[in-house]
Structure formats: structure tokens, C-alpha cells
1. Please give the number of the condition residue 6 fails out of (1) open to solvent by less than 100 Å² (accessible area, probe 1.4 Å); (2) modelled with pLDDT under 85; (3) within 30 Å of residue 139 (Cα to Cα).
2. I need a count of the residues in the stretch 134-163 that are out of contact with any strand residue (DSSP E or B) (no Cβ under 6 Å at 6 or more places or on another chain) and modelled with pLDDT of 75 or more.
3. Take residue 38 and tell me if it is open to solvent by 40 Å² or more (accessible area, probe 1.4 Å), touching a Lys or Arg at 6+ places or on another chain (Cβ under 8 Å), in a loop (DSSP other than H, G, I, E, B) and closer than 26 Å to residue 135 by Cα.
4. Return yes or no: is residue 66 surrounded by 13 or more Cβ atoms within 10 Å (Cβ to Cβ) and at pLDDT below 90?
5. Those residues that are loosely packed, with under 15 Cβ neighbours inside 10 Å, under 14 Å from the mean Cα position of the chain (by Cα) and not in a strand (DSSP E or B), I need them from the stretch 73-93; list them, please.
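The values are calculated or read from the model by the stated rules, or taken from the named source; none is laboratory data. Predicted model only: the values in this text are computed from it and were never measured. Cβ sites come from the backbone with ideal geometry, for glycine too, and all protein chains shown count toward neighbours. Just the protein is used for accessible areas: all its heavy atoms, side chains included, with ligands, DNA and RNA removed. Shrake-Rupley method; radii C 1.70, N 1.55, O 1.52, S 1.80 Å.
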Amino acid sequence: MSGSLGKGNPSYLSANICEEFIELMRQQVLCTIFEEVKETKFYSISEDSTPDILQTDQLTFTVRHIIDCEPVEGFLMFIPIFSHGAKDLTDTVVDFLNENKIPLSNCRGQSYDNASNMSGRYTGLQARIHQLHEFAIYVPCAGHSLILIGVKAAECCLDCQIL
């Protein structure tokens, strides 16, 4: 017998094993969401970009669909992005949907923040997705709109402004 027995109890939950479990669970959750979307057929998408802790830009990809007359929202993935241009974002969204065999033709809605690259009427992500599929109707994200309203309201009130 080679090696020492060491102290304590053996553990089969090393950092690598834990990471493997997490990855397997992530894959199972994604598969479940993809299957639900395919089963219910119609869906809407919502994307937003944000930097992670290392300042790498990521596109958050969320899908909404209906199950048993109830709306369901599922976060799918952070997708690294290298450009905020509407064309690049459109390519990223379309590629992601194609890779996961979710037809864009079943998309019935899209929602983004108010940045021109996302919500731009003629060349933003929403306009480009709408050109690819006319039934993907754009609705501005209510959360982002509410934040803008709050910021503008605070700017009008001298008591709210920090001097």
C-alpha cells in the first residue's frame, strides 16, 4: 500500500467535482427551459448587457413563455459580447437561438432597455429582429423606463439633488 492514510474522512466533493455538479445542473435547467419553450411554441426575448466583475461585457439572455395560462420567465445565459453594435447583438441573439434550435419565427415579443443600440427604431436590435420576423413586437422594458422616469424626476427636485 503506497501513500499515507492521512487524517480525517475522505471527501469526494473536491472543487472540481462541485464544479462538475454545478455544470450538470446548469445543463439540465437549460434543457428544461428549452424544452418548455419548444413545447409551448411561442415566446418572447429580453436582453440586456452588463459587465461582470472582471469588466467583461455580457449579454443577459432571458426568455418568457406561457405554461398552463401562467407566464414563465427563465434566465438562460450570460453571453460574452465584444461589441455593443446592433448588428453584432442581432447576430449574437440569432446565433444563440439557432444553436439551441429555437426558431425565431416563433418569437412574438422582444423587450430591451432604452439604449439606441437596443431599442433604436430603424437600426437597433429590436428593429433588426423585427425585420427578420415581423411578429416579434417590441415593448420597452418597464423597469428601465421607470428608472429613467425616477432619474428625471429627481433632477427636477432641488431637494433630491446632492450638492
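1. Going through the list (1) open to solvent by less than 100 Å² (accessible area, probe 1.4 Å); (2) modelled with pLDDT under 85; (3) within 30 Å of residue 139 (Cα to Cα), residue 6 breaks only (3).
2. Count: 4.
3. Here the answer is no, as residue 38 does not meet what is asked.
4. Taking the combined requirement at face value, the residue does not satisfy it.
5. none
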